[in-house]
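The values are calculated or read from the model by the stated rules, or taken from the named source; none is laboratory data. Model, not experiment: these values are computed from the prediction. Please note: Cβ atoms are built from the backbone with ideal geometry, for glycine as well, and neighbour counts cover all protein chains shown. In case anyone asks, the SASA skips ligands and DNA or RNA and just uses the protein heavy atoms, side chains included. Shrake-Rupley method; radii C 1.70, N 1.55, O 1.52, S 1.80 Å.
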Amino acid sequence: MTPQPTGRLVRKDDGVYVVLDRIVHAPIEEVWAYFSRSAYLSKWIGEFTGTPSTGAVKFRMNAEGDGAAWENVTIRLCEAPHRLHVDVGTDPARRMFVHLTQSSGHTTITFGDLLHTVAEGADYGVGWDYYLDRMIAAHDGKPLPVWDDYYPDFLDHYATLCRELDHDLKVEHAEALRNGTTG
């Protein structure tokens, strides 16, 4: 089956997020391990070192070949096994969240990555579709997906979302200027 882009752009109080959902046929604690335990993370995206209970770890991606740098991760919120909010890297950090819910033996993953600019949503959306599908494949014991099945094919979907949101933001800004409500 050919993968399809699934992400959307969501406006929140602190900015615009690329948000994606996945459903895993597994209990929530099992899925939580793929986001919170280095041995499980390493099966699909990277590894971490340190003690999460301190609120900080170091993370390194392993899915893009050798040579990835270790990055500082600040754990902003951890409510196991339901919610994890982190800042990854510095200058500026990438703010991400994972929310898990369970129903009828299935766990729904909602993942978000705060964009620094709307335009970067195209690249990040493609990447997160790919990585979340890797997580599902790793969990299910299936071959990991191939990047070439995602890029550049998914770019148009995300670029369209970015253009539409950028247009909406410009219209809202122009209306605010006309109404004298900018701050």
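Tabulated data
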read-out	value
Tally, over the stretch 154-180, of residues that are in a loop (DSSP other than H, G, I, E, B) and either under 20 Å from the mean Cα position of the chain (by Cα) or surrounded by 14 or more Cβ atoms within 10 Å (Cβ to Cβ) (or both)	1
Subset of the stretch 102-153 [open to solvent by 80 Å² or more (accessible area, probe 1.4 Å) and in a strand (DSSP E or B)]	Gln102
Residues of the stretch 107-132 classified as farther than 20 Å from Pro152 by Cβ and over 8 Å from the mean Cα position of the chain (by Cα), total	6
Residue under evaluation Ala68, criteria (1) at pLDDT below 95; (2) loosely packed, with under 14 Cβ neighbours inside 10 Å, criterion not met	(2)
Identity of the residue in the stretch 29-64, in contact (Cβ under 8 Å) with a residue 40 or more places away in the chain and not aromatic (Phe, Trp, Tyr), that ends up most open to solvent (accessible area, probe 1.4 Å)	Glu29
The listed residue being touching a strand residue (DSSP E or B) at 6+ places or on another chain (Cβ under 6 Å) and more than 15 Å from Ala138 (Cβ to Cβ), out of Arg11, Arg83	Arg83
Tally, over the stretch 12-52, of residues that are among the aromatic types (Phe, Trp, Tyr) and either in a helix (DSSP H, G or I) or more than 20 Å from Tyr131 (Cα to Cα) (or both)	4
In the stretch 86-110, the residues that are free of Cβ contacts under 8 Å to residues at least 24 places away in the same chain, farther than 19 Å from Arg60 by Cβ and hydroxyl-bearing (Ser, Thr, Tyr)	Ser103, Ser104
Criterion: more than 19 Å from Ser38 (Cβ to Cβ), in contact with a Ser or Thr (Cβ under 6 Å, 6 or more places away or on another chain) and not acidic (Asp, Glu) - qualifying residue of Thr117, Thr108, Thr160, Thr181	Thr108
Meets criteria (open to solvent by less than 40 Å² (accessible area, probe 1.4 Å), of a type outside the set (Phe, Trp, Tyr), closer than 24 Å to Glu29 by Cβ and under 17 Å from the mean Cα position of the chain (by Cα)) for Val73	yes
Hey, Arg95 crowded, with 19+ Cβ neighbours inside 10 Å, of a type in the set (Lys, Arg) and under 17 Å from the mean Cα position of the chain (by Cα) or not	yes
